[in-house]
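Take a look at the structure set out below.
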Ligand SMILES: Cc1cc2nc3c(=O)[nH]c(=O)nc-3n(C[C@H](O)[C@H](O)[C@H](O)COP(=O)(O)O)c2cc1C
């Protein structure tokens, strides 16, 4: 792997959002007077977000999702709904067709869980969206981490971490067979004169029998522009990286330190190469928070304004939900456990062997800038310079912009940072065209490359394994 820092020529930038009131860069900021996330149930708010993102040249609108409430803090859901931490959680799929109609070039990345969905129905839903948007669809593949979600789907508790990934591998296998393998590329002729819509023999069952799924097939949908949606993935654990190396086209990083990111990416890209993939096909974006002002003083004033609205309690609800560790149960001088079946990579750890106390973690979260998170503050030129430098040092392709305020963070980014990045040749500000995969790949292809493990299931190729 290339260990030398390189300047990326053009950054990929997506907008991170969630069909929720309390999501994004800092819990509690939905209470800011300029924030409109309380309008989560109104399409007007979302049309504005989508069109601004499109006109600023962003590559995609990313929609995060959870399937349960953040009920870990104080062992209750009251704080989560009171503080609107990842609550409510509307279905992100429902927003896409409406927004794709007003933002006709913007792409959409929708989060869906391999632990609680079924591959047959999910493949159908993604293929339908891929058709309706002319291929502007990605899938953030998640295995989920909330005990509350497990209880919503009939389980007493979550599957173990490794079992979630094993199910996810099989889930993807089913999706590839359905979307890549059950319809020939030229199956649909739609000839009214014969009449024949799809050629006999060009649509076939998949006969999948695995440990978790039995799916006869074929897919109910005809071949869509991208077939498989662009696969986003954020595993950071060794098992998660193995999964990302096999299936990930765009990795999402939960880290900020460029050396740490580069080491993690080098590891995943080496695993991808060992699976026969081109390592450069594994692209990577980090979640970034941005506060920008026309002057350094204005940026600082914005930061202070955010700090005055920031709510530490909401952050602690968020941390407890993410990690499954109820920080409210600990005295400030008590060491916090780091053992969890939740998001282990989000657990704040001390330097060396000394475990952090609950008080240490609270101090870490006292600032809206939350020590350790990727946070760019400054003038447009300072932010553009810092983003380019960080991406080059970390081996990143770009960022998911994580709103502190919505739509304010996006508005500021579009107005101030996009022109500064464009002036440096680090971002193309024109609205993107074509399928999502084509806009992310140097070769402009709509479909999975032939060396991708999922591509071997294509109709007409011998399915050699699995
Ligand atoms: C930018 C980013 C976005 C994520 N979005 C979601 C999400 O919407 N829903 C979800 O359940 N998990 C989400 N995750 C969590 C990941 O899917 C994954 O569980 C996490 O990074 C831990 O992976 P690991 O256990 O392999 O370390 C996200 C992670 C990152 C870094």
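The values are calculated or read from the model by the stated rules, or taken from the named source; none is laboratory data. Just so it is clear, the model here is predicted, and its values are computed rather than measured. We place every Cβ from the backbone using ideal geometry, glycine too, and count neighbours over all the protein chains shown.
One table, with the values for the structure above:
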{"quantity": "Test for residue 437: is it touching a residue at least 60 places away in the same chain (Cβ under 8 Å), assigned to a helix (DSSP H, G or I) and within 21 Å of the chain's Cα centre (by Cα)", "calculated": "yes"}
{"quantity": "Selected residue (criterion: surrounded by the most Cβ atoms within 10 Å (Cβ to Cβ)) from residues of the range 413-466 that are on the phi > 0 side of the Ramachandran plot and in contact with a helix residue (DSSP H, G or I) (Cβ under 8 Å, 6 or more places away or on another chain)", "calculated": "466"}
{"quantity": "Residue within the range 374-382 that is over 18 Å from the mean Cα position of the chain (by Cα), free of Cβ contacts under 8 Å to residues at least 60 places away in the same chain, surrounded by 18 or more Cβ atoms within 10 Å (Cβ to Cβ) and within 16 Å of residue 256 (Cα to Cα) present", "calculated": "no"}
{"quantity": "Single residue of 189, 203 found to be farther than 22 Å from residue 246 by Cα and surrounded by 15 or more Cβ atoms within 10 Å (Cβ to Cβ)", "calculated": "203"}
{"quantity": "Residue in the range 133-157 that is surrounded by the most Cβ atoms within 10 Å (Cβ to Cβ), counting only those that are more than 25 Å from residue 208 (Cβ to Cβ) and touching a helix residue (DSSP H, G or I) at 6+ places or on another chain (Cβ under 6 Å)", "calculated": "136"}
{"quantity": "Long-range neighbours under 8 Å by Cβ, at least six apart or interchain, first residue closer than 14 Å to residue 253 by Cα within the range 339-350, second assigned to a helix (DSSP H, G or I) and near the ligand (Cβ under 9 Å from one of its atoms)", "calculated": "343/322; 344/161; 345/240; 346/322"}
{"quantity": "Filtered residues of the range 194-217 (kept if under 17 Å from residue 171 (Cβ atoms), touching a residue at least 24 places away in the same chain (Cβ under 8 Å) and part of a strand (DSSP E or B))", "calculated": "208, 215"}
{"quantity": "Out of 335, 279, sole residue that is at pLDDT below 95 and touching a strand residue (DSSP E or B) at 6+ places or on another chain (Cβ under 6 Å)", "calculated": "335"}
{"quantity": "Neighbours by Cβ (under 6 Å, 6+ apart or cross-chain): first from the range 138-156, within 23 Å of residue 247 (Cβ to Cβ); second in a loop (DSSP other than H, G, I, E, B) and away from the ligand (no atom under 13 Å from the Cβ)", "calculated": "138/229; 139/229; 150/157"}
{"quantity": "Criterion (in contact with a strand residue (DSSP E or B) (Cβ under 9 Å, 6 or more places away or on another chain) and either under 24 Å from residue 413 (Cβ atoms) or assigned to a helix (DSSP H, G or I) (or both)) met by exactly one of 38, 81, 96, 66", "calculated": "96"}
{"quantity": "Residue satisfying condition, being within 13 Å of the ligand (Cβ to nearest atom), outside any loop (DSSP other than H, G, I, E, B), over 28 Å from residue 445 (Cβ atoms) and at pLDDT 95 or above, within set 162, 138", "calculated": "162"}
{"quantity": "Scope the range 331-357; condition within 27 Å of residue 240 (Cβ to Cβ) and more than 16 Å from the ligand (Cβ to nearest atom); matching residues", "calculated": "335, 336, 337, 350, 351, 352, 353, 354, 355, 356"}
{"quantity": "Helices (runs of 4 or more DSSP H) wholly inside the range 246-356 containing at least 3 residues that are surrounded by fewer than 19 Cβ atoms within 10 Å (Cβ to Cβ)", "calculated": "258-274, 296-309"}
